[in-house]
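This report concerns only the one structure given below.
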Amino acid sequence: MSAFEDLYFQTDDGLSLYVRDYSGPSVSAPVVMCLHGLTRNSRDFQDLAPDLAAHFRVLVPEQRGRGLSQYDNDSSRYTIIHYVHDMHCLLKSLNIERVGVIGTSMGGLMTFALNALYPGLISRAVINDIGPEIATAGLERIKSYVGSAGPFDNWDSATAYIKSTTAEIFPLWDEEQWAYFARQSYVDRKGKIVIDYDPRIVEPLKAEGADTESDTLWEMFDALETVPILLVRGDRTDLLSEDCVAKMRQRHDQCTVLSVPDVGHAPMLSERGVSSAIQSFLTV
């Protein structure tokens with residue numbers, strides 16, 4: 001596994017946020033930023049990032065309220081617009097004016113918004129299993145489990161739980177893969193295995209209606225018209241419909257689709273052939 005440095009930066013509203021910084025092959029290497037999903041953290045990219053670091057400097061931030069980043073005492077700030085401002089603050093602090101972005105789920109929506117708010121910043125975008133139309137079934141599934149897991153007495157219990165709740169997403173995984181995923185999802189605090197995020201991150205989400213402002217998301221997606229996109233889709237996903245994918249391709253002539261077999265929402269990007277496809281896309 002490629003080495004990374006622990007980096008912290010301050011947001012405009014005073015929080016300390018954490019970033020894994022993979023230095024890349026040279027100081028002049030182009031930069032790729034990896035954005036995780038709603039309840040996730042930087043460990044989701046711990047297999048992909050070292051591969052990318054052969055060609056890029058790779059930044060893997062943890063959003064406020066996740067992992068080693070500071071929790072916000074005001075849960076109303078757990079919103080995409082705040083996360084996007086945080087990411088711009090990160091890039092500004094490092095004097096980075098151009099970046100490739102890989103966004104998983106919520107990270108994909110952040111990519112839409114980052115480009116809309118800061119045109120010209122994103123060079124190429126990998127959007128992982130999300131689109132401007134978010135399927136209701138998948139959204140309700142996510143809302144149902146956020147903040148509800150654990151604590152667990154040991155890693156075996158945590159692994160058994162996460163397998164029981166997500167087996168349909170990764171039907172071909174073996175026990176070793178489930179144990180690995182548990183350690184990407186949870187953390188050991190004082191001898192208890194707990195979720196690695198502030199459970200209050202769901203409060204703004206639950207306050208929203210079932211519609212997810214699709215018109216606004218389509219406007220932001222359309223703003224990506226000059227940015228090449230690789231759209232990754234798990235073929236068992238319940239969040240990104242085939243109809244939405246067809247519309248995205250119709251509206252964006254530089255949108256290429258990579259289907260990941262036997263995976264739901266969302267692909268881990270460590271599946272066979274996915275890392276090499278992402279590298280090829282980003283290095284064109």
Give me Rg over Rh for the stretch 148-196, both radii from the alpha carbons and Rh done the Kirkwood way, two decimal places.
0.96
Ranking 239, 58, 36 by how far each Cα lies towards the positive end of the charge dipole of the chain (+1 on Lys and Arg Cβ, -1 on Asp and Glu Cβ), the top one is 58
With a sphere of radius 11 Å drawn around the Cβ of residue 46, what net charge do the other residues whose Cβ falls strictly inside it have (Lys, Arg +1; Asp, Glu -1)?
0
About the Cα centre of the stretch 53-151, how large is the charge dipole given +1 on each Lys and Arg Cβ and -1 on each Asp and Glu Cβ? Please answer in debye to the nearest 20.
200
Across 5 Å bins beginning at 0, the whole-percent shares of Cα-Cα pair distances in the stretch 145-284 come to 2, 8, 14, 15, 17, 16, 14, 9, 4, 1, 0
Leading residue at positive end of dipole, the chain (Cβ point charges), from 17, 160, 128:
17
Dipole magnitude of the chain, debye to nearest 20 (Cβ charges: Lys/Arg +1, Asp/Glu -1, about Cα centre):
420
At the level of C-alpha centres, the distance separating the stretch 188-255 and the stretch 11-82, in angstrom, is 17
Under a point-charge model restricted to the Cβ atoms of Lys and Arg (+1) and Asp and Glu (-1), what is the dipole moment magnitude of the stretch 148-196 relative to its Cα centre, in debye to the nearest 20?
280
As a test of the formula, what do you get for the chain when each DSSP H run with n ≥ 4 contributes -39,500 (n - 2.57) and the sum is divided by the residue count, at 222 nm and rounded to the nearest 500 deg cm²/dmol?
-10000 deg cm²/dmol
With every atom except the alpha carbons ignored, what do you get for Rg and Dmax of the chain, in angstroms?
17.7, 51
Taking every DSSP bridge whose two residues both lie in the chain, the antiparallel percent to the nearest 5 is 40
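Every number here is computed from the coordinates shown, using simple stated rules; none is lab data. Predicted model, so just to flag it, every value in this text is computed and none were measured. Ideal geometry is used to build each Cβ from the backbone, glycine not excepted, and the neighbour counts take in all protein chains shown.
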